[in-house]
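The values are calculated or read from the model by the stated rules, or taken from the named source; none is laboratory data. From a predicted model like this one, the values you see are computed outputs, not experimental measurements. Here Cβ is always computed from backbone atoms with ideal geometry, including for glycine, and neighbour counts include all displayed protein chains.
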Amino acid sequence: MFEKYKPAIITLSIIVLIVAGIVNYVKDLIGQPQESAPEHLQVKAPTEKILHSQKIKDEQGNDIVKYLYASETEAPAETIKIDEQEIKEDISKRTKNAQFFKKRGLHSPEGLWSQDADTQEGSTASLRSDYGADGEVAAGDDGAVAASESEKEVWVGRFYAGEPFYKDAAENKWYQTETATTTAEEFSKQTKPNFLAKLKAFFNMNALADTGSYYAGAGDGEIDGVYPGGATALLAWNKVRDPVFSLLTKYGTAASRNFYTYMDYFISYTAYVQRVFLPINTSGIASDANITNAALYFYGTTKYSMDDDGQDYIAVVQTTQASTDSLITADFWQCGTNNNPTQGGSKDLGLMASDSYNSVTLNATGISWINKGVGAWTKLGLREGHDCENAIIGTGLVNGFLAVYFSEQTGTSQDPYLEVTYTAPAAPAKFRFDGGQMKIKGKVKFE
């Protein structure tokens, strides 16, 4: 019986295989995955919106892929309040990690005037200040309206860890970027170029542009030092601060981590020391700018304060981490000097808040750590007071902790950032004609 239907069975089997092959080919052609990955492993953006990816280790030591992608969330110009004054962002100066807000001219609070069009003798035109409200301005009898080119402008720049913004050049719009992870296998499978993707690339039809200059990754995060049990608390404390004995764990992929120094007196004197790293691209500050104030902001999610002994504070220190793109466990020893690091500013943990931004104002030393000009990076870190002063925690279980967000957190409303107030040479004086009326008598020369 089998022999009778054998040719038909073989023919049918061949047809099934051919059809299956065609289906898989078509799926690959149109970019559909052959099998759906579990939701937590699915790549969160189409291939053309992935700006960069890199292989890293997760907290368990497994190989994963961390990738940066452009979201669909627009990031228009923001308005912030500084010294009770609402100031709108100058979005023309925005970069991938920074926003800029012009406060005023040092010698001309009303601002400089700018020219958008030519005028002739006897014409009427409206002038608008680049700094504030629109309004009419009357020229003098000689028709001269000018501003000194020697004036200085006051700017406030917000420089974020990571690169949270992406500009779509075709749309001339800014979007938020986001970070996600998945397994290396799933990332390779889901981002494998298909026929349509290759066709788009051939005709330069990618949805986004200008992806080449994105950095390899964000080098912010936390490294924990642990000594898992000693005969005495002092022994555990000394061991956790010793490069030979401290067990180091890096946390560079989590959006939020607890930040504290901790001595567990109930588990064989186990000591913990945690240090935070926040490298920030500050190349948006011109090399000739003069920095007058600065503060480091980080968002606290949860706070617990217990050991109120005067050393329960968070200090800003200067780091020398090996790379601004990523953390390695050896960087633990590059967060200031191991004992008594120079502090660029500090704040008592009792004054910190949960579910809110916290700030540490930088002192003159901290301000001197801010680098300016093309390619400039400012490497800052956070350490707890007992760690800074090499002071063992003598009472309780924990001095206190503050959970903080890093650049992986969605959006920018909770990302760490450095706010810098600085003065810079003003742009050449110019006029802008826009709205209301002004009578000009005599001749006005525009250059």
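Is there any pair with a first residue in segment 225-238 that is under 10 Å from Ile392 (Cβ atoms) and a second that is at pLDDT 90 or above whose Cβ atoms are under 7 Å apart and which are 6 or more apart or on different chains, and what are they?
Listed by first residue and then by second, the contacts come to Ala236/Tyr227.
Could you please let me know if Ser246 is in contact with a strand residue (DSSP E or B) (Cβ under 8 Å, 6 or more places away or on another chain), at pLDDT 90 or above and either among the aromatic types (Phe, Trp, Tyr) or buried (at least 16 other Cβ atoms within 10 Å of the Cβ) (or both)?
Values: in contact with a strand residue (DSSP E or B) (Cβ under 8 Å, 6 or more places away or on another chain): yes; at pLDDT 90 or above: yes; either among the aromatic types (Phe, Trp, Tyr) or buried (at least 16 other Cβ atoms within 10 Å of the Cβ) (or both): yes.
Considered against the rule, which asks whether it is in contact with a strand residue (DSSP E or B) (Cβ under 8 Å, 6 or more places away or on another chain), at pLDDT 90 or above and either among the aromatic types (Phe, Trp, Tyr) or buried (at least 16 other Cβ atoms within 10 Å of the Cβ) (or both), Ser246 comes out as yes.
How many residues, within segment 257-283, are in contact with a strand residue (DSSP E or B) (Cβ under 9 Å, 6 or more places away or on another chain), among the aromatic types (Phe, Trp, Tyr) and more than 22 Å from Val404 (Cα to Cα)? First the steps, then the outcome.
Looking only at segment 257-283, we keep the residues that are in contact with a strand residue (DSSP E or B) (Cβ under 9 Å, 6 or more places away or on another chain), and these are 257-264, 269-283.
Those left that are additionally among the aromatic types (Phe, Trp, Tyr): 259-260, 262, 269, 272, 277.
Next cut, more than 22 Å from Val404 (Cα to Cα) only: 269.
So the answer is 1.
Taking Lys173 as the residue in question, decide whether it is under 32 Å from the mean Cα position of the chain (by Cα) and at pLDDT 90 or above.
Working: under 32 Å from the mean Cα position of the chain (by Cα): yes; at pLDDT 90 or above: yes.
Answer is yes for this residue.
Could you tell me whether any residue of segment 377-389 is at pLDDT below 80, part of a strand (DSSP E or B) and more than 30 Å from Tyr67 (Cβ to Cβ)? Break it down stepwise before answering.
Filtering segment 377-389 down to residues at pLDDT below 80 leaves none.
Looking for residues that are at pLDDT below 80, part of a strand (DSSP E or B) and more than 30 Å from Tyr67 (Cβ to Cβ), one finds none in segment 377-389, hence no.
Residues that are closer than 27 Å to Tyr67 by Cα, modelled with pLDDT under 50 and under 18 Å from the mean Cα position of the chain (by Cα): does segment 216-224 have at least one? Show your work before the answer.
Taking segment 216-224 and keeping what is closer than 27 Å to Tyr67 by Cα, we get 216-224.
Narrowing further to those that are modelled with pLDDT under 50: 216.
Adding the requirement that they be under 18 Å from the mean Cα position of the chain (by Cα) leaves 216.
Within segment 216-224 (the criterion being closer than 27 Å to Tyr67 by Cα, modelled with pLDDT under 50 and under 18 Å from the mean Cα position of the chain (by Cα)), the answer is yes, since at least one residue qualifies.
Hey, could you check segment 225-246 for residues that are outside any loop (DSSP other than H, G, I, E, B) and among the hydrophobic types (A, V, I, L, M, F, W, C) and say which is nearest to the chain's Cα centre (by Cα)? Quick ask: steps written out before the conclusion?
Pass one, segment 225-246, residues outside any loop (DSSP other than H, G, I, E, B): 225-227, 233-240.
After this cut, where a residue has to be among the hydrophobic types (A, V, I, L, M, F, W, C) as well, the list is 226, 233-237, 240.
Details: Val226: 28, Ala233: 38, Leu234: 38, Leu235: 39, Ala236: 36, Trp237: 33, Val240: 30 Å.
Filtering segment 225-246 for residues that are outside any loop (DSSP other than H, G, I, E, B) and among the hydrophobic types (A, V, I, L, M, F, W, C), the one nearest to the chain's Cα centre (by Cα) comes out as Val226.
Identify, please: which residue in segment 313-340 is crowded, with 21+ Cβ neighbours inside 10 Å and touching a helix residue (DSSP H, G or I) at 6+ places or on another chain (Cβ under 7 Å) and is, among those, nearest to Arg158 (Cα to Cα)?
If we take residues in segment 313-340 being crowded, with 21+ Cβ neighbours inside 10 Å and touching a helix residue (DSSP H, G or I) at 6+ places or on another chain (Cβ under 7 Å), then Val316 is nearest to Arg158 (Cα to Cα).
Check Leu380 against each of (1) of a type in the set (A, V, I, L, M); (2) under 17 Å from the mean Cα position of the chain (by Cα); (3) surrounded by fewer than 23 Cβ atoms within 10 Å (Cβ to Cβ) and name the one condition it does not meet.
The single condition Leu380 does not satisfy is (3).
If Gly344 satisfies all but one of (1) out of contact with any Leu (no Cβ under 7 Å at 6 or more places or on another chain); (2) under 24 Å from Asp415 (Cβ atoms); (3) outside any strand (DSSP E or B); (4) of a type outside the set (D, E, K, R), what's the number of the condition it fails?
(1)
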